[in-house]
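One structure is given below, represented as structure tokens, and several questions about it will come after.
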Amino acid sequence: MQEGLANNGLRQWVNEVVDLCRPDSVCICDGSREEYDRLMAGMVERGMATPLSQRAHSFLFRSDPSDVARVEDRTFIATDHPEQAGPTNNWVNAGELKHTMLGLYTGCMRGRTLYVIPFSMGPLGSPMARLGVELTDSPYVVCSMHIMTRVGRPVLAALGTNGNFIRALHSVGAPLAPGEADRAWPCAPIAEKYISHFPAEDLIWSYGSGYGGNALLGKKSLALRIASVIAKREGWMAEHMLLLRLISPQGKQYHVAGAFPSASGKTNLAMLIPTLPGWQAECLGDDIAWLRIGADGRLYAINPENGFFGVAPGTSYQSNPAAMDTVRGNTIFTNCALTDDGDVWWEGMGPAPSHAIDWQGRDWRPGSGVPAAHPNARFTAPAAQCPVISPDWENPQGVPIDIFLFGGRSSTVVPLVFESVGWDHGVFLGATASSETTAANIGAVGQLRRDPFAMQPFCGYNMADYFQHWLDMGDRLGSKAPRIFYINWFRKNEADEWLWPGFGDNSRVLEWMCRRVDGEVAARETPIGLMPEPGDLNLTGLDLPADHLAALLDVDEPAWRAEIPDIEAHFARFGARLPRRLADQLARLKERLGDSV
Ligand code: GTP
Ligand code: SPV
Ligand code: MN
């Protein structure tokens with residue numbers, strides 16, 4: 001019996017889970033540094049973690065090769081009726097899924113400790129914050145939650161005796177027989193992994209995976225899938241968005257919220273160091289934003305997270321110096337390579353070491369034909385360590401959003417930037433966003449797919465109703481609604497080279513947006529939206545070939561016409577539930593592109 005827990009609902013739930021999962025012991029997490037150190041030392045001792053001699057208080061983990069990313073095929077929205085989940089989610093009947101999972105959970109924590117992690121998404125005391133409790137048998141999850149959320153005693157205090165919280169149950173799904181040695185990364189086979197959401201009960205049940213969003217349940221499961229349902233009900237928004245503050249040379253602030261799919265540039269843009277002289281940027285969040293309409297009628301956003309779970313490959317002092325400085329200490333690295341001098345390395349970080357241990361624990365040398373780090377290798381680091389973190393990143397009221405960005409990875413067709421002609425058109429751009437898939441999910445990489453609002457894997461209810469929610473929010477915001485832009489940093493030429501330098505130079509595109517917001521620059525009307533004239537982008541100091549710029553700002557009308565049938569098929573999936581206003585937007589796009597479609 002967990003008599004030490006003052007919250008009645010929590011005590012009862014923990015007792016139920018103990019009866020079901022049969023852990024050897026229970027640990028109520030206090031969130032202290034001592035707790036983190038103790039758990040980490042235990043994992044080092046059992047060979048699950050490697051301390052890094054080159055980085056203070058930092059550790060490397062290697063996951064099981066079957067457990068390296070989110071598993072969208074094994075992620076479920078469980079309700080009574082399939083229409084509640086909609087065509088973009090894996091639906092299962094809630095009762096049936098519970099029956100299956102109860103079977104798996106029975107005795108699944110034998111030989112392990114059950115950790116009780118009280119956590120807050122959002123700064124404690126913020127009107128936007130939500131409390132949750134994750135029950136897990138993974139000490140790696142506990143340490144990661146220490147970094148990614150606000151955990152421990154203050155949260156228990158806020159819960160009081162009868163406070164509400166969102167329940168998140170997690171097991172790696174690998175019970176231990178008496179005397180059985182643990183594996184370095186325990187988990188269950190793919191077919192036994194279940195990342196399940198029961199929105200009707202604000203309940204999350206995750207089984208079989210220890211990796212990222214599958215296991216750190218405050219993140220995608222709570223702050224997006226469950227929160228999106230609550231947000232729809234309560235009239236706010238839970239979005240897969242980075243948050244950034246830009247400061248002009250005149251000292252004016254602009255706040256940007258950007259939704260790009262997984263591994264498509266949010267962390268990098270969030271930590272932008274502008275190459276445009278005089279401009280500054282501050283990071284507010286790199287993955288999730290919760291937004292609500294404030295007393296002044298504007299839209300305010302907070303970052304509900306406390307840390308970054310960022311893609312390691314591609315991160316370097318050239319591309320993202322702020323991230324490199326963020327991970328100099330107090331960082332958990334997962335599936336990076338280990339160098340002979342006790343540091344981590346990954347592809348794109350800089351010169352390759354002559355020898356390393358790869359993410360699977362094997363000897364590795366350059367030219368071996370396999371990557372040393374897994375493409376979805378990640379760092380887990382406290383947001384407060386980011387050198388460009390905003391002084392307002394924990395402001396309980398959030399920051400007022402001026403600009404929404406949608407976008408993705410498109411090596412062809414989609415220009416560098418265009419602006420929506422109004423809110424409904426902007427919602428259409430979000431609803432039809434497409435992107436090439438990445439290693440952030442287990443599955444094919446580089447496949448172009450629709451990823452509406454970068455929420456395809458994260459919307460906890462029918463996406464058609466989510467589109468309607470965006471339209472409704474726009475109606476409420478009226479003239480105070482943020483402006484909406486679509487960007488693509490990922491255009492390539494025939495030689496497979498990036499046409500746009502990206503990273504710090506993305507500030508040049510953001511500067512144009514700020515001037516649009518201030519009404520300082522006209523835009524060229526095109527069938528797909530409003531675009532800069534080539535001379536409108538400030539390219540001072542940038543050596544961009546003229547043909548690259550021309551390609552980046554070109555609207556290839558035949559190629560866009562060829563997109564129409566795919567947009568139609570995408571919308572058709574939602575049947576009569578698709579908001580009329582989006583069908584109207586499609587009709588208008590067809591008109592503007594000419595009636596040969
Ligand atoms: P999640 O954490 O999965 O949600 O990903 P994210 O959207 O935060 O993506 P992230 O910023 O980590 O970028 C993923 C990959 O894209 C990294 O390898 C980056 O180096 C690369 N990348 C990010 N921004 C740019 C850019 O402007 N241009 C180019 N060419 N690559 C970029
Ligand atoms: C994403 O895939 O969008 C991530 C990583 O941010 S995970 O936390 O694993 O979802
Ligand atoms: Mn993400």
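Can we say residue 415 is within 16 Å of ligand 1 (Cβ to nearest atom), assigned to a loop (DSSP other than H, G, I, E, B) and not assigned by TED's automatic domain parsing to the domain that holds residue 260?
Here the answer is no, as residue 415 does not meet what is asked.
So, residue 486, is that one crowded, with 18+ Cβ neighbours inside 10 Å and either in a strand (DSSP E or B) or not assigned by TED's automatic domain parsing to the domain that holds residue 245 (or both) or not?
Details: crowded, with 18+ Cβ neighbours inside 10 Å: yes; either in a strand (DSSP E or B) or not assigned by TED's automatic domain parsing to the domain that holds residue 245 (or both): yes.
Considered against the rule, which asks whether it is crowded, with 18+ Cβ neighbours inside 10 Å and either in a strand (DSSP E or B) or not assigned by TED's automatic domain parsing to the domain that holds residue 245 (or both), residue 486 comes out as yes.
Residues of segment 25-74 being within 27 Å of residue 196 (Cα to Cα) and small (Gly, Ala, Ser), which ones?
Passing the criteria: 25, 31, 63, 66, 69.
Hey, another quick one. Pull up segment 1-45, narrow it to residues that are small (Gly, Ala, Ser), over 29 Å from the mean Cα position of the chain (by Cα) and within 25 Å of residue 162 (Cβ to Cβ), then point me to the one that is surrounded by the most Cβ atoms within 10 Å (Cβ to Cβ).
Here the residue is 9.
With the structure loaded, tell me whether residue 229 is surrounded by fewer than 24 Cβ atoms within 10 Å (Cβ to Cβ) and within 27 Å of residue 480 (Cα to Cα) or whether it fails that test.
Yes: the conditions hold for residue 229.
Within segment 65-122, can you find the residues that are within 16 Å of ligand 3 (Cβ to nearest atom) and either crowded, with 20+ Cβ neighbours inside 10 Å or under 28 Å from residue 176 (Cβ atoms) (or both)?
If we filter segment 65-122 for residues that are within 16 Å of ligand 3 (Cβ to nearest atom), which is where we start, we get 68-72, 75, 121.
Listed by number, the residues that qualify are 68, 69, 70, 71, 75, 121.
Give 163, 210 a once-over and let me know the one that is away from ligand 3 (no atom under 16 Å from the Cβ), in contact with a Cys (Cβ under 9 Å, 6 or more places away or on another chain) and touching a residue at least 60 places away in the same chain (Cβ under 8 Å).
210
Against the condition within 21 Å of residue 291 (Cβ to Cβ) and surrounded by fewer than 22 Cβ atoms within 10 Å (Cβ to Cβ), how does residue 451 come out, does it pass?
Taking the combined requirement at face value, the residue does not satisfy it.
Of the conditions (1) β-branched (Val, Ile, Thr); (2) surrounded by fewer than 24 Cβ atoms within 10 Å (Cβ to Cβ); (3) closer than 27 Å to residue 124 by Cα, residue 288 clears all except one; give me its number.
For residue 288, the exception is condition (2).
Table: residues versus (1) in the same structural domain as residue 314 (by TED's automatic domain parsing); (2) under 14 Å from residue 458 (Cβ atoms); (3) within 16 Å of ligand 3 (Cβ to nearest atom); (4) free of Cβ contacts under 8 Å to residues at least 12 places away in the same chain.
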residue: 198; (1), (2), (3), (4): no, no, no, no
residue: 204; (1), (2), (3), (4): no, yes, no, no
residue: 214; (1), (2), (3), (4): no, yes, yes, no
residue: 268; (1), (2), (3), (4): no, no, yes, no
residue: 276; (1), (2), (3), (4): no, no, no, no
residue: 279; (1), (2), (3), (4): no, no, no, no
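A quick yes/no check of all residues on (1) within 16 Å of ligand 2 (Cβ to nearest atom); (2) assigned to a loop (DSSP other than H, G, I, E, B):
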site: 243; (1), (2): yes, no
site: 246; (1), (2): no, no
site: 313; (1), (2): yes, yes
site: 324; (1), (2): no, no
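Out of all the residues in segment 302-309, is one or more surrounded by fewer than 23 Cβ atoms within 10 Å (Cβ to Cβ) and either away from ligand 2 (no atom under 13 Å from the Cβ) or assigned to a loop (DSSP other than H, G, I, E, B) (or both)?
no
May I ask you to list the residues in segment 208-256 that are under 19 Å from residue 514 (Cα atoms) and more than 13 Å from ligand 1 (Cβ to nearest atom)? Show your work before the answer.
Looking only at segment 208-256, we keep the residues that are under 19 Å from residue 514 (Cα atoms), and these are 241-256.
Listed by number, the residues that qualify are 245, 246, 247, 248, 249, 250, 251, 252, 253, 254, 255, 256.
I need the full set of residues from segment 245-266 which are within 14 Å of ligand 3 (Cβ to nearest atom) and touching a Ser or Thr at 6+ places or on another chain (Cβ under 7 Å), in order please.
Hits for segment 245-266 are 261, 262, 263, 264.
Quick check on segment 494-511: of everything there that is part of a loop (DSSP other than H, G, I, E, B) and hydrophobic (A, V, I, L, M, F, W, C), which residue is surrounded by the most Cβ atoms within 10 Å (Cβ to Cβ)? Don't jump to the end; show me each part of the working.
As a first pass, look at segment 494-511 and keep what is part of a loop (DSSP other than H, G, I, E, B): 494-497, 499-502.
Cutting the leftovers down to hydrophobic (A, V, I, L, M, F, W, C) gives us 495, 499-500.
Working: 495: 5, 499: 21, 500: 23.
Step by step, filter segment 494-511, then rank; the result is 500.
Something else now. Counting only residues that are within 17 Å of residue 392 (Cβ to Cβ) and not polar (S, T, N, Q), how many does segment 255-297 have?
Result for segment 255-297: 19.
The values are calculated or read from the model by the stated rules, or taken from the named source; none is laboratory data. Given the structure is predicted, the values throughout are model-derived calculations rather than measurements. Cβ sites come from the backbone with ideal geometry, for glycine too, and all protein chains shown count toward neighbours.
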